[in-house]
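The values are calculated or read from the model by the stated rules, or taken from the named source; none is laboratory data. For clarity, every value in this text was computed on a predicted model and none was experimentally measured. All Cβ positions, even for glycine, are placed from backbone atoms using ideal geometry, and neighbour counts span all protein chains on display.
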């Protein structure tokens, strides 16, 4: 088989590497890819929103399966466009992509099906939102309704901070149309949990757990990012015993069953990936958000632990034959640390800054490229998140030590990283 992965980030590099492991696969193309996929696969220079160009590439290169990584082309209808032309594609249709494209759409779904989540109100008018904010109990969470690269969320500690966020979203429209509608929701207390699932015609099959780190600074301080590190599996934080952990898992499974039934009741044909963000307090999980694709950086710490053939899992998801026991995992733990440009998550960072030659990947450590380009033999940072070092270990402490051992030896004047990923976790 020949495969095409659509996207240019660390998620797509990691997906391409995992797909390439399958004995069914002869070649993996990535569009447009990065310096990592250029080295390990075959890049095609085209934009992820160039649907016609992608369809033409499928014909030109004899592609058997297209795997769509990022949310923008999914929300734009790439899966529908390709399927209408007889192309086999793994990625949700445009109707189901609304679960990521609009937070209001997702909240209404959750409320309609009585799935546990935070209470909320949506607003398009700044004055009305400010009036509502005056009566809120702080902190509150303020979210841009649309796609904002993981940055459209503000946890306002007081009225002034909330008003400033509303000014930016609704008046200044810092995210354009994505922030023309905002969600103000109750702040949930607890431990965050990320769960990525295969969904086969509305039936949900969860992967193992992962935890990611969204804040740019140590101690979870600073601005939200697209994710600057993570580890897998995630222990059930706050569970004092195995029994409590099992209780939490059972409650999560109940929520997944509710979501699946909601898809069916509403007449969706959801097939692809579903990323569910939960907040857990005392074994009571509540849904924070949906994404409609593999998470980033969760994918980078999950896929190295996956022992099943990813291509086979995708095929079974598409044809409706997937079973939970098909998804098999290594007992090893993984830890991933993201190196990012100084100034990220803002846009005030230097591009095309040099990176010294990287160490070779081993069976215990992978270097995943997020935002890199290569000119000749030289490697350059060309994005906010640049590299992710993912290490395996018999336990989290060993994986963490291996990851930071490699990170500390990567030489670049403009890259930095959090030094507390997985610190204190067990």
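What the table below lists for this structure:
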| item | result |
| --- | --- |
| Helices (runs of 4 or more DSSP H) wholly inside the stretch 9-64 that include at least 2 residues being over 25 Å from residue 75 (Cβ atoms), more than 23 Å from the chain's Cα centre (by Cα) and modelled with pLDDT of 95 or more | 51-61 |
| First in the stretch 395-412 and in the same structural domain as residue 301 (by TED's automatic domain parsing), second anywhere and part of a helix (DSSP H, G or I) and modelled with pLDDT of 95 or more, Cβ under 8 Å, 6 or more apart | none |
| Matching residues in the stretch 90-116 - criterion: being outside any helix (DSSP H, G or I) and within 19 Å of the chain's Cα centre (by Cα) | 90, 91, 92, 93, 102 |
| Flag if residue 389 is under 14 Å from residue 340 (Cβ atoms), over 21 Å from the mean Cα position of the chain (by Cα) and crowded, with 16+ Cβ neighbours inside 10 Å | no |
| Lone qualifier among 208, 192 - being under 16 Å from the mean Cα position of the chain (by Cα) and either over 30 Å from residue 135 (Cβ atoms) or in a loop (DSSP other than H, G, I, E, B) (or both) | 208 |
| Hey, residue 94 touching a helix residue (DSSP H, G or I) at 6+ places or on another chain (Cβ under 6 Å), at pLDDT 95 or above and closer than 30 Å to residue 268 by Cα or not | yes |
| Flag for residue 80 being assigned to a helix (DSSP H, G or I) and in contact with a helix residue (DSSP H, G or I) (Cβ under 7 Å, 6 or more places away or on another chain) | yes |
| Helices (runs of 4 or more DSSP H) completely within the stretch 218-337 that count 1 or more residues being touching a residue at least 12 places away in the same chain (Cβ under 8 Å), surrounded by fewer than 16 Cβ atoms within 10 Å (Cβ to Cβ) and out of contact with any helix residue (DSSP H, G or I) (no Cβ under 7 Å at 6 or more places or on another chain) | 242-265, 310-319 |
| Residues being surrounded by 20 or more Cβ atoms within 10 Å (Cβ to Cβ) and either more than 20 Å from the chain's Cα centre (by Cα) or assigned by TED's automatic domain parsing to the domain that holds residue 34 (or both) - total across the stretch 366-381 | 2 |
| Residue 400 vs. criteria within 22 Å of residue 332 (Cβ to Cβ) and under 24 Å from the mean Cα position of the chain (by Cα) | yes |
| Leading residue by the ranking (surrounded by the fewest Cβ atoms within 10 Å (Cβ to Cβ)) among those in the stretch 94-103 that are under 17 Å from residue 149 (Cα atoms) and touching a residue at least 40 places away in the same chain (Cβ under 8 Å) | 102 |
| Among (1) without any contact (Cβ under 8 Å) to a residue 12 or more places away in the chain; (2) farther than 30 Å from residue 167 by Cα; (3) touching a strand residue (DSSP E or B) at 6+ places or on another chain (Cβ under 8 Å) - the single one residue 62 does not satisfy | (1) |
| Failed condition for residue 83, given (1) under 22 Å from residue 381 (Cβ atoms); (2) free of Cβ contacts under 8 Å to residues at least 12 places away in the same chain | (1) |
